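Accompanying notes for the structure given below.
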Amino acid sequence: MRATSNPVFKNLPRQEGGGYANFGSGVAGAGQLGYQQQYGNQYPPQYQPYQQAPPTRSLTIDDVVTKTGITLGVLALSALAAYILTSANTSLAPLFVIGGGLVGLILVLVATFGNKMDNPALVLSYAVAEGLFVGALSFMFTDITFGGSGGAAMIGQAVLGTFGVFAGMLVVYKTGAIRVTPRFTRMIVGAMIGVLVLVVGNLIASFFTDGGFGLRDGGPVAIIFSLVVIAIAAFSFLLDFDAADQLIRAQAPEKAAWGVALGLTVTLVWLYVEILRLLSYFQSE
């Protein structure tokens, strides 16, 4: 399986000789293989069918769609609640942004490095935490109390833009307009690392110079930087789709759909926040 820019997919455990180790071994008692099947040359090495106990149903695209829909639904409800609460009490906004963001990050790290991507409670808890973060941050970007503008209309534009990009990249992937190759993967991962270094550098520079490098001050450089980040987030969907597709081909267990849902949600949230930030630049002009 090729590497992916999304850490949730990137750290999916694999078994020797192909296939994928079971997800969430601490929860589901994975690792107890009941049998092994021989498939000859029917599949290339990276697509060797997942070896599992007979009762476990293999992952399907319907599982991915359903679990992703549930996760995004929970996130949307949490975000709506956070937006309403922060509208009534603006002092809650920083608490939700910082608290929700930190909890969401911790849960992603636990899921990724603890091999618990198949744990629905953990995935849905992430959706709740990230919903608080997204809802409060959306309020801060669009309310005059925090220097924002645009209101609910700008949030609607960001949501439409996010799912528009998602749908567009899904079409690109399905039609094969852009092929996910190892070289393409390295380019996207390298670009993401570069963006991370620039963001951290800009934050450090802002302690000494007003606006830092100008990557987040709303000026021309900030607009260009946001467009670049949005492009990288969009192309990273191709890597995520490819990773999910290979899981299905490898006959990963049904529960792996929760891990796919988590990975796609992480990318969607990243893209939404960056689109919302870009729109806020134009509103402030």
How about segment 245-278: which of its residues are more than 24 Å from Gly148 (Cβ to Cβ), in a helix (DSSP H, G or I) and either touching a Cys at 6+ places or on another chain (Cβ under 6 Å) or among the aliphatic types (A, V, I, L, M) (or both)? Leu247, Ile248, Ala256, Ala257, Val260, Ala261, Leu262, Leu264, Val266
For the structure I just gave you, tell me whether Asp240 is among the acidic types (Asp, Glu), over 18 Å from Ala127 (Cβ atoms) and either in contact (Cβ under 8 Å) with a residue 60 or more places away in the chain or open to solvent by 10 Å² or more (accessible area, probe 1.4 Å) (or both). no
With the condition kept exactly as written, say whether any residue in segment 196-215 is in a helix (DSSP H, G or I), among the β-branched types (Val, Ile, Thr) and in contact with a helix residue (DSSP H, G or I) (Cβ under 7 Å, 6 or more places away or on another chain). no
Looking at (1) surrounded by 13 or more Cβ atoms within 10 Å (Cβ to Cβ); (2) of a type in the set (D, E, K, R); (3) part of a helix (DSSP H, G or I), which is the one condition that is false for Asp118? (3)
Test: residue in segment 133-153 that is under 17 Å from the mean Cα position of the chain (by Cα) and either surrounded by fewer than 17 Cβ atoms within 10 Å (Cβ to Cβ) or among the β-branched types (Val, Ile, Thr) (or both): yes
Taking segment 167-203 only, how many residues are loosely packed, with under 12 Cβ neighbours inside 10 Å and more than 23 Å from Ala244 (Cβ to Cβ)? 3
Search segment 87-111 for residues being among the β-branched types (Val, Ile, Thr) and more than 13 Å from Gly131 (Cα to Cα), and hand back the single one that is most open to solvent (accessible area, probe 1.4 Å). Ile106
Quick one: which residue in Gly148, Gly201 is in contact (Cβ under 8 Å) with a residue 40 or more places away in the chain, over 28 Å from Leu262 (Cα atoms) and not aromatic (Phe, Trp, Tyr)? Gly148
Could you please let me know if Gly212 is buried (at least 17 other Cβ atoms within 10 Å of the Cβ) and free of Cβ contacts under 8 Å to residues at least 12 places away in the same chain? yes
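The values are calculated or read from the model by the stated rules, or taken from the named source; none is laboratory data. Just so we're clear, the structure is a prediction, and the values are computed from it rather than from any experiment. When we count neighbours, we look across all protein chains shown, and the Cβ atoms used for this are built from the backbone with ideal geometry, even at glycine. Side chains included, ligands, DNA and RNA excluded: accessible areas come from the protein's heavy atoms. Shrake-Rupley method; radii C 1.70, N 1.55, O 1.52, S 1.80 Å.
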